[in-house]
Amino acid sequence: MSRRPVIAGNWKMHKLQSESAELANAVMKELKEIDKALLPEVVIAPVFTSLYAVNKALTDCGCGKVKMAAQNAYFETQGAFTGEVSVEMVKDAGAEYVIIGHSERRQYFGETDEMINKKAKKILELGLVPIICCGETLEQREAGVTDSHIASQIKAALSGLSEAEVAKSIIAYEPIWAIGTGKTCDADEANRVIAMIRGVVKEIAGASAADSIRILYGGSVKPNTIVEQMSKSDIDGALVGGASLTADSFAAIVKGAM
C-alpha cells in the first residue's frame, strides 16, 4: 500500500507570535513552486500562544500546503485544570493534529501511558489526528529492551481504539538518545524498529490498520539524512525538531522526502 509521507516540524518552546508567523510564511514561501499534489503532508507545531498567529498565516496564504499541530493537549473538555489546554481549544485555534507522548512530556511532566491513551481517544473523537510518540533511552537500548519497551508503549497508547481510529493515527518513533544530541539512529535500525511497531499495530488492530498507519522517524533528522531514511520500507516520514526552526532546512527535509 502507498502511504502518503508526513513531515512534521515540532518547534518545541521556541518562537514568539510574530516569529512563529514569520517562520510559517517562510516555510510556505520555500514550498511555493512545488505542486501541492507532489508534497508530503507538511505539518508545523508552534507553541500554544502562537497557534492563532500561525493559523492566520496559513489561512491567509490559502495554498493549503502546510497544516498545523498543537504540541500537546489535555483530555478533559474543561474544568479546574490550571495551566492545561483542551483538545477543543487547540481545534478551535486551527490545529488539525496533536503531538502526544513526546519523551520530553514523559520525562519532565510525568505523563504516563494511561494519560497518552486518554489523549489519543479525545483527539480522535474530535476529528483530529494524534501523533503518538514512542522511544527508548540509551540505557534501555543498551539493556536490550528497546523492542519490548516500545511495544508496551504502543499497546497502551492504542488500547481501546477502533481499527479505523488506529489507521488514522500517526506514530513517531524517537530514540530518546538521538533527540537534540546530533546523533541519528542508523536508517536500517530505525526501519527495523518501525517495522516492529507496525507488527505490534497489526497484532492490535489488524493488517489493514497496520498497512495504513503512518510511522515517522524522529531524532536529529536533518536534510542530509532524510533521503536515506525515506528510502526504507517502513519509514513514512519524519518528526523534525531543531531543523524545523529555520525555513530552509525544514523545506530541504520536505523536498528530500518527496
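Summary of computed values
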quantity	calculated
Karplus 3J(HN,Hα) series, Hz, for the range 28-45 with 6.51 cos²θ - 1.76 cosθ + 1.60 (x for Gly, Pro)	5, 5, 5, 9, 4, 7, 8, 4, 3, 5, 8, 6, x, 5, 10, 10, 10, 10
Long-range HN-HN contacts of V98 with modeled amide H, under 5 Å	A70, V129, I131
Backbone HN-Hα couplings from phi across the range 201-218 [Karplus 6.51/-1.76/1.60, Hz, Gly and Pro as x]	4, 4, 5, 7, 10, x, 5, 5, 5, 5, 6, 8, 5, 8, 10, 9, 9, x
Dipole magnitude (debye, nearest 20) for the range 138-222, charges at Cβ of Lys, Arg, Asp, Glu	180 debye
Cross-link table K32/K56; K168/K232; K56/K168, entries beyond 19 Å C-alpha to C-alpha	K168/K232; K56/K168
Distant-in-sequence amide H partners of K67 (H built 1.01 Å from N, under 5 Å)	V42, V43, I44
Å³ per residue enclosed by the Cα convex hull of the range 111-208	105 Å³
Ordering of 10-16, 247-253 by burial proxy (mean other Cβ atoms within 10 Å per residue, highest first)	247-253, 10-16
For the chain, the fraction of alpha-carbon pairs in successive 5 Å shells from zero, as %	1, 6, 14, 19, 20, 18, 13, 6, 2, 0, 0
Accessible-area composition of the chain, carbon plus sulfur, in percent [1.4 Å probe]	52 percent
Taking the C-alpha atoms of the range 159-242, convex hull volume expressed per residue in Å³	88 Å³
Residue pairs, from the table K29/K118; K36/K183; K65/K119; K67/K183; K65/K222, whose Cα atoms sit over 30 Å apart	K29/K118; K36/K183
Ranked by how many other beta carbons lie within 10 Å on average, peptides 145-152, 219-226, 67-74 from highest	67-74, 219-226, 145-152
Placed amide H near V240: partners under 5 Å, 5+ positions off or other chain	A8, G9, N10
Within-15-Å neighbourhood charge of G144 [Cβ basis; K, R +1; D, E -1]	-3
Accessible area per residue, Å², the range 58-114 with all protein chains present, probe 1.4 Å	52 Å²
Compactness of the range 1-49 as Cα Rg over 2.2 N^0.38 Å, two decimals	1.31
Span per principal axis, largest first, for the Cα atoms of the range 39-113 (Å)	38, 26, 16
Per residue, in Å², the accessible surface of the range 190-242 once ligands and nucleic acids are set aside, probe 1.4 Å	34 Å²
Global form of the range 124-177, assessed from the alpha-carbon gyration tensor, a/c cut-off 1.5	prolate
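The values are calculated or read from the model by the stated rules, or taken from the named source; none is laboratory data. Predicted, not measured: the structure shown is a model, and the values here were computed from it. Don't worry about glycine lacking a Cβ; one is built from the backbone with ideal geometry, like all the others, and counts go over all protein chains shown. Surface accessibility is based on the protein's heavy atoms, side chains included, excluding ligands, DNA and RNA. Shrake-Rupley method; radii C 1.70, N 1.55, O 1.52, S 1.80 Å.
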